[in-house]
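Sharing a structure, written as structure tokens. Questions coming.
The values are calculated or read from the model by the stated rules, or taken from the named source; none is laboratory data. For clarity, every value in this text was computed on a predicted model and none was experimentally measured. Glycine also receives a Cβ, built like all others from the backbone with ideal geometry; neighbour counts cover every protein chain displayed.
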């Protein structure tokens with residue numbers, strides 16, 4: 001029988017195992033990129049992705065082994081591969097809508113741990129089924145490849161090696177090739193197409209008429225037509241730019257007054273350019289107090305380092321108002337730097353190094369008068385830039401009267417919140433700490449130095465400023481500065497639960513934001529909510 005010929009070709013069976021393993025890892029990485037613009041790319045989200053995928057694979061292994069024993073028909077296996085391929089191809093078409101639907105339902109029904117529940121539900125609905133089907137591949141192939149017990153160890157070992165090698169390629173190709181070059185949506189389509197082609201080779205070689213194969217081809221073409229878009233914010237019109245990098249989802253939006261960079265489709269502004277060159281009204285303005293605290297109006301030259309450069313909002317603003325600052329920036333995402341030069345008028349004399357902020361400090365010996373730490377990535381700060389070891393490293397790169405300013409996003413109200421942990425950790429390194437809450441924002445700026453009277457230095461220098469707008473701003477910031485009284489919280493390289501702390505703040509923010517709509521829903525129902533939007 002012709003069917004037996006291809007099954008006796010063990011190279012094809014090993015190839016099936018290879019591509020199955022490759023596709024599993026590609027889908028896993030694609031899942032992280034699909035979820036990140038909505039739920040972040042934190043360790044919490046990664047844990048949920050890995051956990052649900054392992055559940056799917058385990059259940060697939062069990063089911064595949066049992067069905068291989070009961071009905072070892074290879075048509076069934078390659079039919080399941082076709083179904084998995086079409087499901088994966090459909091993810092770019094419907095996945096974003098499912099995520100938003102899940103988010104909308106859970107915002108009104110879950111009072112805590114929204115991020116966990118939303119990410120878990122999205123993974124279960126979108127990714128578990130196709131990976132369950134791919135989990136049936138290995139036990140089924142074992143049934144077809146083992147000819148006798150004498151070579152069973154060799155055959156199973158070769159199958160596992162094929163799967164592992166495929167998984168390795170499935171890890172590197174999406175991260176370094178397909179996602180940066182063609183985006184997440186097309187990445188799903190590419191690997192779905194590989195699985196579909198693999199199954200079609202089987203059915204064509206065996207001359208088996210299979211409805212699944214024909215339907216699979218038609219559906220795959222439809223998915224390619226409707227799922228090629230890389231737009232995550234599909235409801236947005238006329239975006240200036242939308243794309244992806246190795247590290248982030250990237251969105252540039254423009255209106256009559258601003259150009260804005262966001263790395264999350266639902267909330268957050270990472271950088272902003274005011275077209276009229278006015279003050280931003282955001283935390284960048286408050287952070288300008290740091291140069292005053294370091295004596296900017298009394299020194300001929302000052303050096304500033306910005307860790308987390310973004311598109312250079314803070315650098316551009318500081319250079320506009322201070323003519324004696326030498327500004328350097330560190331930004332891990334080179335695509336963001338490219339956007340800064342293209343859309344955000346980043347000054348050409350501002351040097352930007354593509355590097356991790358902490359690694360950069362380890363690599364240079366230079367000291368700075370001001371170091372700005374603005375390292376939030378989507379909704380969390382990298383743990384390695386939130387520990388006492390990191391802030392000690394920052395201190396070592398400051399001059400004796402130097403000042404560190406930290407942008408603390410999402411200030412919380414409950415005891416033991418993220419900002420308390422950060423401020424207490426910083427207090428183990430610096431002797432003087434002031435904070436100021438940014439108006440109409442969840443941001444809080446923290447200023448740290450070992451100069452006891454840095455506030456007096458600020459007030460002295462702001463009196464020397466001739467710019468009325470900046471002087472008024474600094475008077476406002478000075479009035480909002482509060483000396484921080486240290487507590488007992490501490491984050492170290494060994495223990496820095498930044499994701500869990502950030503999630504607590506997100507829960508509080510969501511609870512506050514939707515409380516109004518929950519009241520409307522209770523009183524007027526769904527129509528009332530729709531009318532109030």
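Scan the helices (runs of 4 or more DSSP H) fully inside segment 132-222 and keep the ones with 2 or more residues being in the same structural domain as residue 11 (by TED's automatic domain parsing), more than 22 Å from residue 57 (Cα to Cα) and touching a helix residue (DSSP H, G or I) at 6+ places or on another chain (Cβ under 6 Å).
184-205
Residue 218 fails exactly one of the following numbered conditions: (1) within 24 Å of the chain's Cα centre (by Cα); (2) under 23 Å from residue 80 (Cα atoms). What is the number of that condition?
Result: residue 218 passes all but (1).
Hey, among the residues in segment 264-275 that are within 22 Å of the chain's Cα centre (by Cα) and assigned to a loop (DSSP other than H, G, I, E, B), which one's farthest from residue 480 (Cα to Cα)?
Among those residues, the one meeting the criterion is 265.
So, one more: Would you check which residues across segment 110-130 are more than 17 Å from the chain's Cα centre (by Cα) and on the phi < 0 side of the Ramachandran plot and list them?
Matches in segment 110-130: 110, 111, 112, 117, 121, 124, 125, 126, 127, 128, 129, 130.
Anything in segment 456-474 that is touching a helix residue (DSSP H, G or I) at 6+ places or on another chain (Cβ under 7 Å) and either under 24 Å from residue 395 (Cα atoms) or part of a helix (DSSP H, G or I) (or both)? List them, or say none.
457, 458, 459, 461, 462, 470, 471, 473, 474
When you go through 438, 429, 403, 470 one by one, which is the residue that is over 25 Å from the mean Cα position of the chain (by Cα), over 24 Å from residue 360 (Cβ atoms) and touching a residue at least 40 places away in the same chain (Cβ under 8 Å)?
On the way: 438 fails: over 25 Å from the mean Cα position of the chain (by Cα); 429 fails: over 24 Å from residue 360 (Cβ atoms); 403 fails: over 24 Å from residue 360 (Cβ atoms).
Answer to the check: 470.
Now, a different point. Could you check how many residues of segment 445-466 are in contact (Cβ under 8 Å) with a residue 40 or more places away in the chain and in contact with a strand residue (DSSP E or B) (Cβ under 9 Å, 6 or more places away or on another chain)?
Number of matching residues: 11.
Tell me which residues, restricted to segment 328-352, are crowded, with 19+ Cβ neighbours inside 10 Å and touching a helix residue (DSSP H, G or I) at 6+ places or on another chain (Cβ under 7 Å).
Those that are crowded, with 19+ Cβ neighbours inside 10 Å and touching a helix residue (DSSP H, G or I) at 6+ places or on another chain (Cβ under 7 Å): 329, 330, 331, 346, 350, 352.
Looking at (1) under 20 Å from residue 53 (Cβ atoms); (2) without any contact (Cβ under 8 Å) to a residue 60 or more places away in the chain, which is the only condition residue 161 fails?
(1)
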